[in-house]
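The values are calculated or read from the model by the stated rules, or taken from the named source; none is laboratory data. Computed from a predicted structure; not experimentally measured. Counting neighbours? That spans all protein chains shown, and the Cβs are built from the backbone with ideal geometry, glycine included.
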Amino acid sequence: MNPRPTRRTFLKHSAAAVAAACVPRALSAAAPATSFSFVLLGDLHYDALAHHDMAWVEKEKPNDISQIKNYSRITAEITPRLLATVRETIAELNRTPATRVAFVLQAGDLVEGLCGSEELAVRQNTEALAAIRDAQLGAPLLFTKGNHDITGPGAVAAFASVFHPFLAGQARAIAPGGEAVAGANFSVEVGGAQVVFFDAYEAAKSLAWLEAIAARRTAEHLFVAVHPPVVPYGARSTWHVFASERDRARREKFLALLGEQRALVLGGHIHRYNTLSRAAGRGRFAQFALSSVLSTPGPKPKDILDGATAYTSDQISVEPNFSPANAAERRAVYEAERAHVRDFTYADLPGYAVVTVAGPRVTATMFAGTTREPWRTVDLAALARG
């Protein structure tokens, strides 16, 4: 288990310059990364009861009514406190040039969706962005597409009409001469690092796009922001990208590409904390996932699993009541996957993270809930190098 850092040691280590480390042979001429940070948020599910045609929800999605009520409460009571903490964290990091915050990255499911009409979906999306602006975070916000962001009548159109222009403007603020944003697949380059936003809900098209991005990569670090896990973890082991049998070939190509690129994958979807390292192709990649859905401002970590030896089919027991009918199928996923996992951590702990790039080193520090005290730090670049 990694030692629990203090805030002082977190800032000191984040700012430190680190000696050169190995990069994939194909990237030996890559532009070296400079020092900067970004704040990472997981699922938020921004919501309000007024965003929903409740008659439609009761007819089409009755099992989601309690979820909508809970997310609406969290949005009103706790999310503003989380965003205030992010603002304070950014202000503190910006006092040190080596940890200046380039952007905030949100890992999908920015909104709850399930509105019932395009008009209501547009309202939900618009109000979510207004809340972000009102929070005055002090850095641009970028996010990847989550399943809830496009769920319900009119949600796909609302994502395009409200979120695409917003993302385009935020990307221009980060990298004025960079790639134009026209959809959910886009990338930005900051300080020798390339951050790719992968649309998991147009996954076949996204894979071809990512292959082209990788072929012309020049940055030292490649981050891939994708909402569902690439490597499954926890109880919901069938919820990852390219999970179906018909997508097996695409999954193998995707994994190999990430491994060869020593990619740093950032995601959400499972509403749990996770880090791991997976061997694939001619290399390996790192995965870091989290949730920012907070039922309470100060949650305590639960169900902690540590080390590659904990990556077994028994991890489905962390949610014993989840879908018992397909437990055997979910266990089988891990029996096939476990031979490739080299490092693994899991916890039920929502909050936010700070990712710091310092030359060849990339660290991610997890914070519980709305607190400012670090819980755990992991070196993502080391996980990807092996």
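Structural remarks
- Among (1) modelled with pLDDT of 95 or more; (2) in contact with a helix residue (DSSP H, G or I) (Cβ under 8 Å, 6 or more places away or on another chain); (3) assigned to a helix (DSSP H, G or I); (4) surrounded by fewer than 23 Cβ atoms within 10 Å (Cβ to Cβ), the one test that Ala98 misses: (1)
- All conditions in (1) crowded, with 20+ Cβ neighbours inside 10 Å; (2) more than 16 Å from Leu266 (Cα to Cα) hold for Thr356, with the sole exception of (2).
- Checking each residue in the range 180-215 for being within 15 Å of Phe242 (Cα to Cα), among the hydrophobic types (A, V, I, L, M, F, W, C) and assigned to a helix (DSSP H, G or I) picks out Ala200, Ala203, Ala204, Leu207, Ala208, Leu210.
- Residues within the range 332-359 that are in a helix (DSSP H, G or I) and either polar (S, T, N, Q) or in contact (Cβ under 8 Å) with a residue 40 or more places away in the chain (or both), tallied: 4
- Residue under evaluation Thr309, criteria (1) assigned to a loop (DSSP other than H, G, I, E, B); (2) surrounded by fewer than 22 Cβ atoms within 10 Å (Cβ to Cβ); (3) among the β-branched types (Val, Ile, Thr), criterion not met: (1)
- Only one of the numbered conditions (1) touching a Pro at 6+ places or on another chain (Cβ under 9 Å); (2) crowded, with 20+ Cβ neighbours inside 10 Å; (3) part of a helix (DSSP H, G or I) is not met by Ala173, and that is (2).
- Residue check for Thr371: among the β-branched types (Val, Ile, Thr), buried (at least 22 other Cβ atoms within 10 Å of the Cβ), outside any helix (DSSP H, G or I) and in contact (Cβ under 8 Å) with a residue 40 or more places away in the chain: no
- Test: Leu142 is of a type outside the set (S, T, N, Q), under 17 Å from the mean Cα position of the chain (by Cα), within 27 Å of Ala130 (Cα to Cα) and assigned to a helix (DSSP H, G or I): no
- Filter pass, Arg284 being at pLDDT 95 or above, of a type in the set (Lys, Arg), part of a helix (DSSP H, G or I) and surrounded by 18 or more Cβ atoms within 10 Å (Cβ to Cβ): no
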